[in-house]
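Student: Before we start, here is the structure in question, set down as structure tokens.
The values are calculated or read from the model by the stated rules, or taken from the named source; none is laboratory data. Remember, predicted model here, so these are calculated numbers, not experimental data. No Cβ is skipped: glycine too gets one built from the backbone with ideal geometry, and neighbour counts run over all protein chains shown. Only protein heavy atoms, including side chains, enter the accessible area calculation; ligands, DNA and RNA are left aside. Shrake-Rupley method; radii C 1.70, N 1.55, O 1.52, S 1.80 Å.
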Amino acid sequence: MSLPLARYRPVFAAPGTLAFTLSGLLGRLALAMNGVCVVVLVADRRGSYALAGAVSAVGVLAGAVLLPLLGRLVDRLGQSRVAVPAVLAGALPTGALLLCVRSGAPAWTLFLCWALSGSSPDLGGLARARWAHLHRADPAVLHRANALEQSLDELCFMAGPVLGMVLCTAAFPEAGLLAARVLGTAGTLLFAAQRATEPPLPPHRPGRTGGLLRTPGLRPLLAVFLAAGVLFGSLEVTTLAYTDALGRQSAGGGLLALVAAGSCASGLVFGAVRPRRPAAVRLALGTGAMTALMLLPLSAGLAGAGVLPLGAALLAAGSGTAPTMVSGMTLAQRLLPAHRLTEGMAMAVAAILVGISTGAALGGTLAQHCAPGTGYLLPCCAAALALPASVRLARGVEPGPRGGPTAGQRQP
């Protein structure tokens with residue numbers, strides 16, 4: 001593994017890159033904890049996975065609405081000037097949610113509080129914008145940077161659910177969300193303090209917010225991200241409900257960590273290999289592999305498998321997600337205009353979040369009313385629905401860096 005990892009050294013050649021990468025890990029760890037912590041908190045205190053999944057879905061959906069708006073502000077004002085007040089604004093509604101859950105307040109208060117807590121910026125998107133600026137002249141290194149970012153995301157989503165489950169089950173149900181808020185605030189403040197690597201503000205070009213959707217290829221790409229989000233959200237809630245039905249609730253975080261571990265490993269390997277096909281073609285191939293691999297947890301769940309066989313299936317299934325997401329983010333950076341890059345990347349993340357909210361709600365409903373393994377049908381269907389959009393992108397003409405022609409060329 002040392003040789004593939006050595007190929008990532010050029011990614012950190014620019015001064016300050018390691019500092020902003022490490023400082024952002026805290027905030028991303030908090031994001032990885034949020035989903036599990038909210039589901040466990042509400043399900044434990046209110047006794048309903050359907051309510052827990054719905055509350056989680058509404059919070060994610062609210063964040064999806066805010067992210068493009070924050071991204072647009074970042075493109076105009078800069079990362080630090082937007083990230084700091086945004087993360088501080090989410091502290092009060094998070095505290096209110098904890099009080100409402102604990103005091104038995106009406107269910108609508110849980111939806112309202114969690115929706116208002118979604119103002120935290122997406123540090124992964126801000127980091128990718130930094131990489132896109134720093135390595136704009138070297139597509140191969142940018143490909144590795146995007147692969148590294150996806151692997152770091154998966155590393156956080158590997159550790160986050162485990163840490164959240166430990167805190168919620170070993171201490172008290174509110175402990176996980178409290179820790180996530182503290183980590184998220186600290187990580188964002190440290191990330192914002194790394195001003196040397198912050199991208200310069202591009203020249204402002206007036207235009208309507210909706211005009212970005214007219215960018216060629218962006219709509220089918222957002223459809224792929226939306227379907228991937230449904231996969232992530234339904235897989236998470238279904239797995240937590242499945243282990244609860246087995247009487248092994250504490251194992252849920254570990255199983256989700258295996259999904260992330262498979263994705264992290266495949267992302268690092270994928271990034272170390274020099275790309276020889278256009279990003280759109282790599283996206284279509286990755287989506288096809290992801291669809292096939294999602295059949296493994298479905299088979300295990302419908303067969304009533306125990307924790308160990310299901311864990312092996314989830315580990316293998318996770319290996320298909322990172323190459324798909326890396327290729328999708330690389331393609332997004334190619335399609336988007338430079339002066340609206342952060343806003344466009346935020347739209348991509350927002351599409352994933354909308355999918356997560358939908359998948360979480362559907363997964364919670366199936367967990368409440370169907371046999372435990374039935375919910376694994378959802379990630380399979382979501383991956384299959386992403387295939388037509390990715391094939392459409394692969395058949396189109398991929399733009400070069402910042403819109404240059406590359407028809408017939410092989411580009412990362």
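Student: Looking at region 97-108, which of its residues are outside any loop (DSSP other than H, G, I, E, B) and out of contact with any Leu (no Cβ under 8 Å at 6 or more places or on another chain)?
Tutor: Correct list: 99, 102, 103, 108.
Student: Right, next: Just to check your reading of the model, which residue among 58, 38, 74 is over 15 Å from the mean Cα position of the chain (by Cα), open to solvent by less than 10 Å² (accessible area, probe 1.4 Å) and either touching a residue at least 40 places away in the same chain (Cβ under 8 Å) or within 19 Å of residue 234 (Cβ to Cβ) (or both)?
Tutor: Only one candidate passes the filter, namely 38.
Student: Continuing with the same structure: State whether the residues of region 173-184 include one that is in contact with a Lys or Arg (Cβ under 8 Å, 6 or more places away or on another chain), touching a residue at least 40 places away in the same chain (Cβ under 8 Å), part of a loop (DSSP other than H, G, I, E, B) and open to solvent by 60 Å² or more (accessible area, probe 1.4 Å).
Tutor: no
Student: Mind counting the residues in region 244-272 that are of a type in the set (A, V, I, L, M, F, W, C) and closer than 15 Å to residue 306 by Cα?
Tutor: Qualifying residue count for the region: 6.
Student: Go over the candidates 134, 190, 183 one by one and state the one that is of a type in the set (A, V, I, L, M, F, W, C), within 30 Å of residue 317 (Cβ to Cβ) and at pLDDT 85 or above.
Tutor: Answer to the check: 183.
Student: A further question on this structure: Test residue 28 against the stated conditions and say whether it is of a type in the set (Lys, Arg) and over 23 Å from residue 101 (Cβ atoms).
Tutor: It is true that residue 28 is of a type in the set (Lys, Arg) and over 23 Å from residue 101 (Cβ atoms).
Results for (1) among the hydrophobic types (A, V, I, L, M, F, W, C); (2) buried (at least 19 other Cβ atoms within 10 Å of the Cβ); (3) touching a Phe, Trp or Tyr at 6+ places or on another chain (Cβ under 8 Å); (4) closer than 26 Å to residue 158 by Cβ, shown as yes or no for each residue.
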position	(1), (2), (3), (4)
88	yes, no, no, no
97	yes, yes, yes, yes
103	no, no, no, no
113	yes, yes, no, no
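Student: Report whether or not residue 232 is in a helix (DSSP H, G or I) and open to solvent by 20 Å² or more (accessible area, probe 1.4 Å).
Tutor: Taking the combined requirement at face value, the residue satisfies it.
Student: Sticking with this structure for a sec: Of the residues 55, 11, 60, only one is touching a His at 6+ places or on another chain (Cβ under 9 Å) and among the hydrophobic types (A, V, I, L, M, F, W, C); which?
Tutor: 11
Student: In addition: Inside region 265-285, can you point out the residues that are open to solvent by 10 Å² or more (accessible area, probe 1.4 Å), closer than 21 Å to residue 227 by Cβ and part of a helix (DSSP H, G or I)?
Tutor: 266, 270, 281, 282, 284, 285
Student: Tell me the residue from 240, 308 that is assigned to a helix (DSSP H, G or I) and touching a residue at least 12 places away in the same chain (Cβ under 8 Å), please.
Tutor: It is 240.
Student: Moving on to the next point. Answer yes if at least one residue in region 121-133 is among the aliphatic types (A, V, I, L, M), open to solvent by 20 Å² or more (accessible area, probe 1.4 Å) and either farther than 30 Å from residue 323 by Cα or part of a helix (DSSP H, G or I) (or both), and no otherwise.
Tutor: Scanning region 121-133 turns up no residue that is among the aliphatic types (A, V, I, L, M), open to solvent by 20 Å² or more (accessible area, probe 1.4 Å) and either farther than 30 Å from residue 323 by Cα or part of a helix (DSSP H, G or I) (or both).
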